Amino acid sequence: MYIETILHGNWHKWLKILDKGAWDSNDPYPKIELSPSGSDEVRKMLKKSFEPLQYKGIRSYEFLSWIGYALGISWFEKPNIDDQSWKHLYENFNFDLFLQYPSDYLSLFLAENGSSGHLDYFPTPLQITIAMNRMLECDDEVKSITDLVYEPCVGTGAMVLPSRSLNVVASDLSHLMVRAAAIQAFLYKPSMLYVPRPVIGLHADPQELRINKYFELAVDSRIYCGDSLLGEFTCPKNIFLEDSEFVDVFFHPLDLEKHEIYLYEEELSKPWQSLSFEMQKKIVAAMAKEIQPDKTLTNPPFNAKIPKHEKEHMDEIIKRNQVFIEARKSRERLSMFQQIEEDIEQKMDLITTVYKGVSKEQLMFAF
């Protein structure tokens with residue numbers, strides 16, 4: 001952290017913003033320039049650190065676990081590594097090099113060291129992701145910083161690490177990738193890893209003091225593991241608490257019954273001033289979860305197939321939703337609920353429609 005403060009100061013800037021509870025365009029904010037090519041010195045260090053472990057049968061997952069555990073990120077438990085290997089890593093792994101030469105090093109490392117299976121990993125080159133972010137960012141710097149950006153197949157974070165936004169939500173189906181993204185967010189983008197409270201000017205309107213950007217109050221991180229089509233994820237409740245409990249997070253879930261705002265439908269039909277302040281806070285938090293991203297950036301694994309059990313689960317949700325929507329057609333609906341249900345119906349149509357020349361199993365990524 002001392003070296004990070006000297007070289008970039010991103011954690012210092014972000015913690016000052018969180019402590020103040022507000023940000024405006026005159027305040028410094030965390031940002032970093034990532035090198036598309038990276039440094040051979042970092043790659044050699046990774047190889048020197050990991051190669052001896054491979055000969056002992058230690059996999060890339062345990063290696064990442066050691067890195068994440070060393071950083072104190074609660075996605076990681078203390079890895080089961082023998083004392084000699086632990087000593088070797090302690091003496092050879094150098095965090096400072098990552099900060100001295102910022103780049104997306106874990107993408108190449110995982111692509112070369114065992115990220116296989118039904119979620120084969122083909123990372124997007126950083127040159128491309130930097131260009132994509134620059135093309136999508138507008139001339140209005142404040143808007144680029146406050147835009148809600150979503151990455152549903154985050155990998156190690158290459159797509160969103162170059163983003164200027166301080167309001168990034170990221171997820172992945174792979175536990176390994178989510179953990180790798182958390183490590184690189186710690187090093188380069190703390191505003192994605194640790195968000196314990198809303199910030200006025202980023203997540204909330206500075207005039208009306210209402211949340212107007214997505215904010216997940218149940219957890220203090222924006223990196224989740226789960227299925228982006230279902231919108232159902234899990235995350236440690238406290239990202240820097242060892243043995244933190246894992247809780248459910250819903251980001252625009254396919255299952256209508258998991259939209260928290262429906263719990264307050266009766267209260268929303270009453271005059272706002274008649275509700276208690278505590279009830280108002282709960283409703284505002286639930287409403288914030290319905291806000292759509294300003295931008296979605298992703299490079300999904302198009303070769304992936306939906307497992308049979310997941311497809312069956314998806315079909316069950318679609319049937320429940322159809323019953324849910326049909327039962328509500330006879331009642332007066334607030335425009336908010338009508339919009340939610342129309343969005344879900346569109347998503348269900350996409351899932352159930354047969355497209356010529358496109359595998360139906362791959363449609364989970366076509367949203």
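The values are calculated or read from the model by the stated rules, or taken from the named source; none is laboratory data. Note that the structure is predicted; figures quoted are calculated from it, not measured. Neighbour counts run over all protein chains shown; Cβ positions are idealised from the backbone, glycine included. Each accessible area value is taken on the protein alone, full model and side chains, heavy atoms only, with ligands, DNA and RNA left out. Shrake-Rupley method; radii C 1.70, N 1.55, O 1.52, S 1.80 Å.
Search region 185-206 for residues being in contact with a strand residue (DSSP E or B) (Cβ under 9 Å, 6 or more places away or on another chain), outside any helix (DSSP H, G or I) and of a type outside the set (Val, Ile, Thr), and hand back the single one that is farthest from Met159 (Cα to Cα).
Filtering region 185-206 for residues in contact with a strand residue (DSSP E or B) (Cβ under 9 Å, 6 or more places away or on another chain) gives 185, 189, 191-193, 198-206.
Those left that are additionally outside any helix (DSSP H, G or I): 189, 198-206.
Imposing the further condition that a residue be of a type outside the set (Val, Ile, Thr) reduces the set to 189, 198, 201-206.
Values: Lys189: 12, Pro198: 24, Gly201: 24, Leu202: 21, His203: 21, Ala204: 25, Asp205: 27, Pro206: 29 Å.
Of everything passing the filter in region 185-206, Pro206 is farthest from Met159 (Cα to Cα).
Within region 187-196, none of the residues are buried (at least 17 other Cβ atoms within 10 Å of the Cβ), at pLDDT below 95 and more than 14 Å from the chain's Cα centre (by Cα).
Here region 58-77 is the region considered, the condition is being modelled with pLDDT of 95 or more and among the aliphatic types (A, V, I, L, M), and the residue that is surrounded by the most Cβ atoms within 10 Å (Cβ to Cβ) is Leu64.
Residues that are in contact with a Gly (Cβ under 8 Å, 6 or more places away or on another chain) and either open to solvent by 10 Å² or more (accessible area, probe 1.4 Å) or in a loop (DSSP other than H, G, I, E, B) (or both) within region 146-173 comprise Thr146, Asp172, Leu173, listed in sequence order. Residues that are open to solvent by less than 10 Å² (accessible area, probe 1.4 Å), in a loop (DSSP other than H, G, I, E, B) and not β-branched (Val, Ile, Thr) within region 217-229 comprise Ser221, Arg222, Leu229, listed in sequence order.
Of the set (1) over 23 Å from the mean Cα position of the chain (by Cα); (2) in a loop (DSSP other than H, G, I, E, B), all apply to Phe76 but (1).
The condition of being on the phi < 0 side of the Ramachandran plot, part of a helix (DSSP H, G or I) and open to solvent by 90 Å² or more (accessible area, probe 1.4 Å) holds for only one of His309, His313, that being His309. Considering the conditions (1) modelled with pLDDT of 95 or more; (2) open to solvent by less than 20 Å² (accessible area, probe 1.4 Å), Glu91 is excluded by exactly one of them, (2).
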